[in-house]
Every structure is written in C-alpha cells, then in structure tokens.
Amino acid sequence: MSSKIEQCIDEIEEYIDSCKYQALSNTKIIVNKETIDELLRELRMKTPDELKRVQKIISNQEAILNDAKKKAEALIEAATVQTNELISEHEIMQQAYAQANEVVTLASQQAKEILDNATREANEVRTAAMQYTDDMLGKLEAIISESMNGCDMQYRNLLGILKNCDEIVRTNRMELHPEMLTGEEAVSEGTSDAELSADML
C-alpha cells in the first residue's frame, strides 16, 4: 500500500507526463502554474503526517528494547528463584550449585540473544525509516527544481518575445515618420530604448 506522499508524487509525475513539450525542445515542458501549485500544496499538507508516521516507527525501537529488557530480567529473576530453591536443599547442595550455574548461564545467553535481536531489529527499522524519508525528500527536491527551471525558461521566452515586439514597433514608427527620428532625436530615442531594455532585464 503506497503512502500519501507517494500518491501525491505519482499525481505530479502523471501531470508532468501529460504536459506538452516546448517548441523545438525534447526536454522542456509547459506547465500550468495553478495546477502544479495545487499539487505541491497538497504534497506539502500531507508531508507532516507522513513524517509523524516515520517518527512513530523510529520511536517503536525503544518499546522493542524495553520489552526485550523485561523479558531478560524475567528470565534472570526466574533463574535466581530456581537457584535459591536448589541451594536451600543441603543434601543436594553441590548439584544445586551446578544446576544453578547452568540455569543462570543459559538465562544470560537467552537474554543477550533477545537484546541483540531487538537492537538489530530496531536499527533496521530506523535505517529503513530514514531511507524512506530521504527518498521522499529527494523526489520532492527534483520536482521543485524541475518546476523552477520551467518557470525560468518561460520568463526568458517572454522577455525575448517582448524584445522582438519592441523592435517591430520601433521599425514601424520609423517607416511611418522617418522625419521624426533624425539627428539628436534618433540618438535620444535609441538611448531611451536601450535604458528600457536594460530595465526589463
């Protein structure tokens, strides 16, 4: 079952796949700003819940370790009780000591195995949770970067179109009134147009 973040990322990827390519480009696409903003807003709203879920998984490692410690303590306590019962019988004192040592040794080994397994399981859970979070953030970073690149390309294209329009308008004016753009007026207007282009950049 996929997470809410994965579902959002799938929706974003499907939308990006459905976008049209820019003219003369096989890598740049045209995106609708409102649509991509809505998808990113939904992803941003669902991210905290997913992170809380991951943090809950990580916090469970403490519960696993505590449960393992309780089981180990219970084994040792049972071994201690059994040892006391054995050594209380004088006629089988030596046998009691031997059996008691075996029980304590076995209990200690079992307790160590439980703690080792619990620690290994907790570390695996923590590593998997961190990897999952890193993968989700990596996908989000790639989507944001691609969106920023697309916006930058659109801005550059718009600026180029405006410059071409400016050149056409200026040429048309000169064709209509060539006598108005002679001498100092032409120089002055050329300077103003250059300043206007610089401001646009």
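The values are calculated or read from the model by the stated rules, or taken from the named source; none is laboratory data. Note that the coordinates shown come from a computational prediction; the quantities given were computed from them, not determined experimentally. Using ideal geometry, Cβ is built from the backbone for each residue, glycine included, and neighbour counts are taken over all protein chains shown.
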Inset, instruction - Take the residues in the stretch 1-59 that are assigned to a loop (DSSP other than H, G, I, E, B) and under 19 Å from the mean Cα position of the chain (by Cα), then tell me which one is modelled with the lowest pLDDT. - result: 1
Inset, instruction - Quick one: residue 164 ticks every box in (1) at pLDDT 85 or above; (2) surrounded by 13 or more Cβ atoms within 10 Å (Cβ to Cβ) except a single one, so which number is it? - result: (2)
Inset, instruction - Might you let me know whether the stretch 69-79 holds any residue that is at pLDDT 80 or above, of a type in the set (Val, Ile, Thr) and not in a helix (DSSP H, G or I)? - result: no
Legend entry - Residues (closer than 14 Å to residue 15 by Cα and of a type outside the set (D, E, K, R)) located in the stretch 26-42: 29, 30, 31, 32, 35, 36, 39, 40
Inset, instruction - Just one of (1) surrounded by fewer than 16 Cβ atoms within 10 Å (Cβ to Cβ); (2) under 18 Å from residue 36 (Cα atoms) trips up residue 127, so point out which. - result: (2)
